[in-house]
Amino acid sequence: MTATTTATPAHAAEPAAAPRPSPRLRAWVTRAPLLPALIFMIAVTQLPFVATLVISFFDWNALYPDARAFTGLANYQEVLTDADLRKSVLTTIVLTATVVLASLVIGLGLALLLDRRFRGRGVVRTLLIAPFLLVPVAAALLWKHVLYNPEYGLFNGVLHWVGGDGATQPDWISNTPLLAVELALIWQWTPFMMLILLAGLQSRDPELIEAARMDGAGNWQVFRHLTFPHLRRYLELGGLLGSIYIVQNFDAVFTITSGGLGTANLPYTVYQSFYQAHENGLASAAGVLVVIGSIVIATFALRVVSSLFREEASRA
């Protein structure tokens, strides 16, 4: 019995290669694992905002749900023309500008200090960062009861220790309410600014600094002509990010003054309109305006961040 073998022709065609997926398909395959997180973020953030936007066009009082009616832009007009609401907008601007500027100045000084080498620098840096890690309500309660309290607060205790029994014991919150809120926020946000500016200081070119010192430049000349121009982008970034958060701050105002004595900012006014006056439409309109303002600031912040990335990439 002879075995028959069939020779494979040398010119036989090889199996055709599988078609390559299109770039669009590869992009979707790469992004597919992110879709659940994206859907969750849309459901948690965007859908409530859309609902808030819709409600802002209605005259909607929670105590009279059957009396709601579509009013168009009337709620926005009331927000922009009402005297109390305009005052809360002005308070928000003053509070934000004061806290951001003071935090930047103090944070710059602390960053310059931590940029030097000295014993215990790690411990000092950790202690300076600590206020930013506190829960905002806890920080506000600390300032209200431990520092500001006229009977057992630390500030009045120091005055009594220095001046004796005849020393004045002011009620800090009643006498300077807005300043009391500002100091608490400055204390908590200065570490944030310090970290951003310290990162900027440590990204300087040491050879450039050394060359300037060899040419006889002093500390002030180095700071004025080299350090400060280098930190400009970092100062802008810290100011913009700080503004985004301070504009929306509610905890310190609610905890320290409960919005009284002229300290009610726009977020607290939204709270009052929604939870106390039950004016859902008016509160939603004010909330939408806060979001729009935050988006405008965030847009500038993203531009600053992207420019920083481009500068670092060009140096690399």
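How large is the accessible surface per residue of the range 46-109, computed with a 1.4 Å probe and reported in Å² as a whole number?
Details: 3910 Å² over 64 residues.
For the range 46-109, the solvent-accessible area averages 61 Å² per residue.
Overall, the accessible surface of the range 169-316 at a probe of 1.4 angstrom is composed of carbon and sulfur to the extent of 63 percent.
Please state, rounded to one decimal and in Å, the Kirkwood hydrodynamic radius that the range 219-310 gives when every pair of distinct Cα atoms enters the mean of 1/r.
Value: 15.5 Å, from the Cα pair sum.
By the Cα gyration tensor, the range 135-222 has an equivalent ellipsoid whose semi-axes, rounded to whole angstrom, run 42, 18, 10 from largest to smallest. In the context of the full set of protein chains, residues of the range 161-282 present 50 Å² of accessible surface per residue (probe radius 1.4 Å, heavy atoms only). Here's how it looks for Phe58: its modeled amide H is under 5 Å from those of Thr71, which are all 5 or more places away or on a different chain.
Relative to the dominant Cα principal axis of the chain, helix 228-247 is inclined by about 80°.
Percent of accessible area on the range 11-145 owned by carbon and sulfur, 1.4 Å probe? Show your work: numbers first, answer last.
On the way: 6900 of 9830 Å².
That share works out to 70 percent.
Cα centroid separation, the range 135-187 to the range 248-269: 17 Å. Of the Cα atoms belonging to the chain, the radius of gyration and Dmax stand at 29.4, 127 Å. Placing dummy labels 7 Å off each Cα toward the beta-carbon, the span from Thr168 to Ile209 is 4.4 nm. Helix 154-163 and the longest principal axis of the Cα set of the chain meet at an angle near 40°. Against the main long axis of the alpha-carbon atoms of the chain, helix 121-133 sits at an angle near 80°.
With contacts taken as Cα pairs under 8 Å at a separation of at least 6 residues, the chain carries a relative contact order of 27 percent.
Shown in residue order for the range 142-152 are the 3J(HN,Hα) couplings computed by the Karplus curve 6.51 cos²θ - 1.76 cosθ + 1.60 at θ = phi - 60°: 4, 5, 5, 9, 7, 9, 8, 4, x, 9, 10 Hz (x for Gly and Pro).
The values are calculated or read from the model by the stated rules, or taken from the named source; none is laboratory data. What you see is a predicted model; the values in this text were computed from it and never measured. Don't worry about glycine lacking a Cβ; one is built from the backbone with ideal geometry, like all the others, and counts go over all protein chains shown. These area figures cover heavy atoms from the full protein model, side chains too; ligands, DNA and RNA do not enter into them. Shrake-Rupley method; radii C 1.70, N 1.55, O 1.52, S 1.80 Å.
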